[in-house]
Amino acid sequence: MSKSILVVDDDKEIAELIEVYLHNDGYTINKAQDGVQALDFLKKNQVDLIVLDVMMPKMDGLEFCKRVRKVNQVPILMVSAKVQDMDKIIGLMTGADDYMSKPFNPLELTARVKALLRRSSYQQPAVDNDLIQISSLEIDKHSHEVTANGRAIKLTAIEFDILYLLAKNRGRVFSSEEIFEKIWNEPGAGSNKTVMVHISNLRDKIEAALPGESIIQTVWGVGYKVDK
């Protein structure tokens, strides 16, 4: 069964361009022109990934992303004409998994869509280290679930992969570039802000579930580690 993708963009030409390229790769495409229309669609339908514009009428992409993340961890690829680093950081902090600036190469967009879908659906065969316990935190690679004192913590696929990478290699410090290369499977040059935002989101979720516990530690000037 083909994967279902929701394209949310008020620019019909761009939405149609994305639809053509993704449809040619075998995906089922649905479109919405703003965040309100997209939320209504999601109430009635399940999708495997969302390609989301930022600047739209009625409800912009940032507000839409915040609302989706309250109930759904579907992968979100945000696209925007805003190209500043701070715009990218804000987009990632609202819950987007990846961020592309317009104008973009459609072939790069399809490659990123494939990477996000592969990451969100991948499950490794059960092995001895599939279940990792850190303090009151339990990380299950096989089911892609994280629990704190038995209560589930909702993580995006990228957040889970970062946490699992650090937890599996407990005590080892990973630089932002190393984390990016291992999780995104792309060169890590210039990736510091992207990784920083995902680490920040991940910490917020863990600390909300385990107040006062610092699971992910920063080694200043070097990177991040878990060593509990």
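Read the figures in this text as sums done on the coordinates, not as results from a lab. Just so it is clear, the model here is predicted, and its values are computed rather than measured. Glycine also receives a Cβ, built like all others from the backbone with ideal geometry; neighbour counts cover every protein chain displayed.
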Worksheet entry | Proxy reagent accessibility, fewest Cβ within 10 Å first, across Val8, Val146 | Val146, Val8
Discussion item. For a 27 Å ceiling on Cα separation, which of these pairs sit above it: Lys114/Lys168; Lys70/Lys141; Lys102/Lys168; Lys12/Lys66?
Written reply: Lys102/Lys168
Worksheet entry | Computed FRET value (nearest 0.05) for Lys12 with Met59, which takes r as the C-beta separation and R₀ as 22 Å | 0.80
Worksheet item: Exposure proxy check: Leu202, Leu131 ranked by fewest other beta carbons within 10 Å?
Response: Leu131, Leu202
Worksheet entry | Cα convex hull of the chain - mean projected area over all directions, nm² | 12.8
Fill in: Tensor-based shape of the stretch 4-121 (alpha-carbon gyration tensor, a/c under 1.5 rounded, otherwise prolate or oblate)
rounded
Worksheet item: Can you give the helix-only mean residue ellipticity at 222 nm for the chain, where every DSSP H stretch with n ≥ 4 adds -39500 (n - 2.57) and the sum goes over all residues, rounded to the nearest 500 deg cm²/dmol?
Response: -13000 deg cm²/dmol
